[in-house]
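Remarks on the structure that follows.
The values are calculated or read from the model by the stated rules, or taken from the named source; none is laboratory data. Being a predicted model, the structure only gives us computed values, none of them experimental. Every residue, glycine as well, gets a Cβ built from its backbone with ideal geometry; the counts of neighbours run over all protein chains shown.
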């Protein structure tokens, strides 16, 4: 055998002795799972015997001390790497959300999707991908779900198999369990940054142009009623936060949401959150009831996180009765689709109104529609800023002021090439903006 063959044989032998990361993790699971379960139970027994009244993040230090003491006795024979990993996992199991803690702490991850115990997807930098994180089994997922829903005072079982709630850090969580889900327990978590995205960051990301920002700032300060339209994950809430930042600090703002996600920095802000029914089916407070009540709270601005049903008619009436400068979002693919959807939701309220009357209400209430979109390359853009001009006969007249034009080509980073365009049209709403003492610039509308 030649020297080269011997060297290659040695190299192959060494390679077989060192398993890859996936095999090492599998080996870790096989060898230490029983030990991990034993340590977990011992720590729970120690906590029960101690003076710790509740298990949570507030007493992390005490629980970690108990965990380390138990590990020192039970896991003295395992190496430091595996011991550190096991300690971290057990701490997450006891006071946190188990395997999800690693994903929740990653600032680059914006969405976590548990599709059964062994299929956990994440959205990272606008792209959806399969993570390397798994649960042990469906019961492990259910344990984490119980911890999530109990922390927000909710309940989930076969008779009530869906929960929509908000975590302590502001993230929005949706849970569906069998028998509704056929793939096992499903968890969807929409994470939100602890510090809201600023308008400067949006421009830096290429989500909006400087001219569009200047125009929208004038629209908010000039008390135009604005709707942010778009699909799921298109950035509607982020845009609503940015628009809200333009509201003067001396105005009284009332926000109304299903799950409080808006992060306003003004001083005079009242945050209202709807409430689902309890186990007896009582105590529900809907968005519609909150909108009606907000009108009695002397608001300068009303901001509704999203209109999706009967509250739409009350929002339109608020906009039409002296509460100018109101903001909300809606799920729709185009500005014109959003107007059609508003009509449908008004009819859902049970109001027996002719379609012409609904369109009159809608066109007189809404001034501007901002259309958000998440493109296939993962980027989020403001693709249209559209003015609602009124009715001609039975047709709602709308006019694009700005749009985003794609070339269909890709740049070196795999992102679509395109540009933001002003269509060269001065909107009719400029008179209302200037009437409210806000300056406008004709250069915004020059192509």
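Determine whether residue 33 is outside the structural domain of residue 147 (by TED's automatic domain parsing), closer than 16 Å to residue 98 by Cα and modelled with pLDDT under 75.
For residue 33, the condition - outside the structural domain of residue 147 (by TED's automatic domain parsing), closer than 16 Å to residue 98 by Cα and modelled with pLDDT under 75 - is met.
Using the structure shown, decide if residue 147 is buried (at least 17 other Cβ atoms within 10 Å of the Cβ) and more than 30 Å from residue 246 (Cβ to Cβ).
yes
Out of (1) over 20 Å from residue 215 (Cβ atoms); (2) in contact (Cβ under 8 Å) with a residue 12 or more places away in the chain, the odd one out for residue 419 is which?
Every condition holds for residue 419 apart from (1).
The rows are residues; the columns are (1) assigned to a helix (DSSP H, G or I); (2) over 23 Å from residue 433 (Cβ atoms); (3) touching a strand residue (DSSP E or B) at 6+ places or on another chain (Cβ under 8 Å); (4) free of Cβ contacts under 8 Å to residues at least 60 places away in the same chain.
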site	(1), (2), (3), (4)
315	yes, no, yes, yes
325	no, no, yes, no
329	no, no, yes, no
343	yes, yes, no, yes
347	yes, yes, no, yes
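Test residue 291 against the stated conditions and say whether it is free of Cβ contacts under 8 Å to residues at least 24 places away in the same chain, surrounded by 14 or more Cβ atoms within 10 Å (Cβ to Cβ) and either under 25 Å from the mean Cα position of the chain (by Cα) or closer than 19 Å to residue 235 by Cα (or both).
No.
When residue 107 is evaluated against the numbered criteria (1) surrounded by 19 or more Cβ atoms within 10 Å (Cβ to Cβ); (2) modelled with pLDDT under 90; (3) within 28 Å of residue 376 (Cα to Cα), which criterion, by number, is the only one it fails?
(1) is the only condition that residue 107 fails.
Can you tell me which residues in the stretch 196-214 are in a helix (DSSP H, G or I) and either buried (at least 19 other Cβ atoms within 10 Å of the Cβ) or in contact with a helix residue (DSSP H, G or I) (Cβ under 7 Å, 6 or more places away or on another chain) (or both)?
199, 202, 203, 210, 211, 212, 213, 214
Go through the residues of the stretch 355-375 one by one and say whether even a single one is over 28 Å from residue 309 (Cα atoms), without any contact (Cβ under 8 Å) to a residue 12 or more places away in the chain and in a helix (DSSP H, G or I).
Checking the stretch 355-375: not a single residue is over 28 Å from residue 309 (Cα atoms), without any contact (Cβ under 8 Å) to a residue 12 or more places away in the chain and in a helix (DSSP H, G or I).
For residues in the stretch 110-133 being under 17 Å from residue 33 (Cα atoms) and in contact with a helix residue (DSSP H, G or I) (Cβ under 9 Å, 6 or more places away or on another chain), which is surrounded by the fewest Cβ atoms within 10 Å (Cβ to Cβ)?
133
Which of the residues spanning the stretch 144-186 are over 19 Å from residue 276 (Cα atoms) and either in a strand (DSSP E or B) or touching a helix residue (DSSP H, G or I) at 6+ places or on another chain (Cβ under 6 Å) (or both)?
Selection gives 184, 185, 186.
Evaluate the following for residue 298: is it outside any helix (DSSP H, G or I) and farther than 28 Å from residue 189 by Cα?
yes
Just to check your reading of the model, which residue among 388, 438 is touching a strand residue (DSSP E or B) at 6+ places or on another chain (Cβ under 7 Å) and either more than 23 Å from residue 338 (Cβ to Cβ) or assigned by TED's automatic domain parsing to the domain that holds residue 358 (or both)?
None of the other options fit; the residue is 388.
Among 186, 173, which is the only one that is within 17 Å of residue 101 (Cα to Cα), buried (at least 16 other Cβ atoms within 10 Å of the Cβ) and in contact (Cβ under 8 Å) with a residue 60 or more places away in the chain?
186
Residue check: is residue 256 within 13 Å of the chain's Cα centre (by Cα), at pLDDT below 95 and not in a helix (DSSP H, G or I)?
Considered against the rule, which asks whether it is within 13 Å of the chain's Cα centre (by Cα), at pLDDT below 95 and not in a helix (DSSP H, G or I), residue 256 comes out as no.
Kindly evaluate residue 367 against the criterion of being under 27 Å from residue 242 (Cα atoms) and surrounded by 22 or more Cβ atoms within 10 Å (Cβ to Cβ).
It is true that residue 367 is under 27 Å from residue 242 (Cα atoms) and surrounded by 22 or more Cβ atoms within 10 Å (Cβ to Cβ).
Right, residue 243: touching a residue at least 60 places away in the same chain (Cβ under 8 Å), outside any loop (DSSP other than H, G, I, E, B), closer than 28 Å to residue 203 by Cα and in the same structural domain as residue 221 (by TED's automatic domain parsing) or not?
Here the answer is yes, as residue 243 does meet what is asked.
Could you tell me which of the residues 250, 278 is at pLDDT 90 or above, more than 22 Å from the chain's Cα centre (by Cα), farther than 23 Å from residue 316 by Cβ and outside any helix (DSSP H, G or I)?
250
In the stretch 221-237, which residues are under 23 Å from the mean Cα position of the chain (by Cα) and assigned to a helix (DSSP H, G or I)?
236, 237 - these are the residues of the stretch 221-237 that are under 23 Å from the mean Cα position of the chain (by Cα) and assigned to a helix (DSSP H, G or I).
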